[in-house]
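First comes the structure, then the notes that go with it.
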Amino acid sequence: MLEQAKGEADQLVVQARGEAARILEQGREALRLAHRDAVLELHDNLRQQLAGKVRAMCEEVFADRDFLRALILEVAGKISQEKRSAETVIVFPAQAESRDRSLQGDDAASLKRFLEGITGEMVREGVTFSLSDRVAEGIRMQLVDQDVEVDLNPETVSKLLMQFLAPRFRAALES
């Protein structure tokens, strides 16, 4: 009977050790998954913070009338050089309360004065300007004859920048 009790005790010890090893391995696996999830969440949070900072920077830059003027002149100039036969339209937000601070003013004539300041040569080259409720901020360039539109606003520019920056940012985080 003593031998039988000793055998049962040894068997219980072996079972307890096996169960302890399984619990320990499950704990390690849970820690590995928690670590992986924490790292992924941290990377995602950092990427979102970077995207927010890039968006804020783009909004600040688009709020600068000099930048917007230079952007319009550069893009319209490139279009008119390459596509002389294409009808080019630059579309601005129609609403005075547009989020685009560079096109806002104290009076309704503010946008008109802004456009008059940049349109001289461009109008002679066939570039026209219009207002639209479909444009909330920034500008939209259209090549009407070729059915092409390009939105240049803080959101589209920041998304483009993030496509460029994201792989480099991810590589920096993983190194």
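The values are calculated or read from the model by the stated rules, or taken from the named source; none is laboratory data. Owing to the predicted nature of the structure, the values given are computational and were not obtained by experimental measurement. All Cβ positions, glycine included, derive from the backbone under ideal geometry; neighbour counts span all protein chains shown.
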Report summary line: How many residues of segment 128-152 are under 20 Å from Arg65 (Cβ atoms) and in contact with an Asp or Glu (Cβ under 9 Å, 6 or more places away or on another chain)? The answer is 7
Requested in this report: Would you list the strands (runs of 3 or more DSSP E) that sit entirely within segment 85-175 and hold 2 or more residues that are surrounded by 12 or more Cβ atoms within 10 Å (Cβ to Cβ), modelled with pLDDT under 80 and among the hydroxyl-bearing types (Ser, Thr, Tyr)?
Outcome: 127-132
Requested in this report: Any chance you could count how many residues in segment 25-56 are within 22 Å of Glu155 (Cβ to Cβ), surrounded by 12 or more Cβ atoms within 10 Å (Cβ to Cβ) and without any contact (Cβ under 8 Å) to a residue 40 or more places away in the chain?
Outcome: 1
